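Below is one structure, written out as structure tokens; the observations come after it.
The values are calculated or read from the model by the stated rules, or taken from the named source; none is laboratory data. All of these numbers come straight from a predicted model, not from anything done at the bench. Glycine gets a Cβ as well: all are built from the backbone with ideal geometry, and neighbour counts include every protein chain shown.
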């Protein structure tokens, strides 16, 4: 053994190392926003999407009531465009922010997220990825630290 360098690290310590690698730009986080926006996802807030859907339905109904079928269809078309051009991207940004600020700071949440899937970590620049739930993120971090250690010697 190399003076205790091979001691086993906890998942909390490995998560801290992953966070440091992400912040240093050595590793990148790849997210599947559709999968992470499911009800059982630990980083999903369903109100983010449902409030928009309810608002769009109400707006379509009001447009239909005030302006008849042409106005209702126009509001419905505008709502669909808004959904695809803005709402989905906004929800994806919010999910990413929660992964980076909540899941990466709490080992229990990170473990739940990893079991859920929809997240992958990889070497920055498109290198090999470790994808949840089948990949072993802890071994990925150990291997990453080992490769960094080799470069220092």
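Things to note:
- Some residue of segment 121-135 being in a helix (DSSP H, G or I) and under 14 Å from the mean Cα position of the chain (by Cα): no
- Set side by side, the residues 73, 104, 144, 113 differ, and just one is more than 20 Å from the chain's Cα centre (by Cα) and surrounded by 17 or more Cβ atoms within 10 Å (Cβ to Cβ), which is 144.
- Contact map, segment 1-18: residues that are under 22 Å from residue 110 (Cα atoms) paired with residues that are modelled with pLDDT under 90 and not in a helix (DSSP H, G or I), Cβ distance under 8 Å, separation 6+ or inter-chain. Pairs shown: 17/9.
- Test: residue 53 is exposed (fewer than 14 other Cβ atoms within 10 Å of the Cβ) and either touching a helix residue (DSSP H, G or I) at 6+ places or on another chain (Cβ under 9 Å) or over 15 Å from residue 34 (Cβ atoms) (or both): yes
- Any hit, segment 81-91, residues being touching a strand residue (DSSP E or B) at 6+ places or on another chain (Cβ under 7 Å), closer than 21 Å to residue 29 by Cα and either touching a residue at least 24 places away in the same chain (Cβ under 8 Å) or surrounded by fewer than 14 Cβ atoms within 10 Å (Cβ to Cβ) (or both): no
- The single residue among 44, 21 that is modelled with pLDDT under 90 and either exposed (fewer than 12 other Cβ atoms within 10 Å of the Cβ) or within 19 Å of the chain's Cα centre (by Cα) (or both) turns out to be 44.
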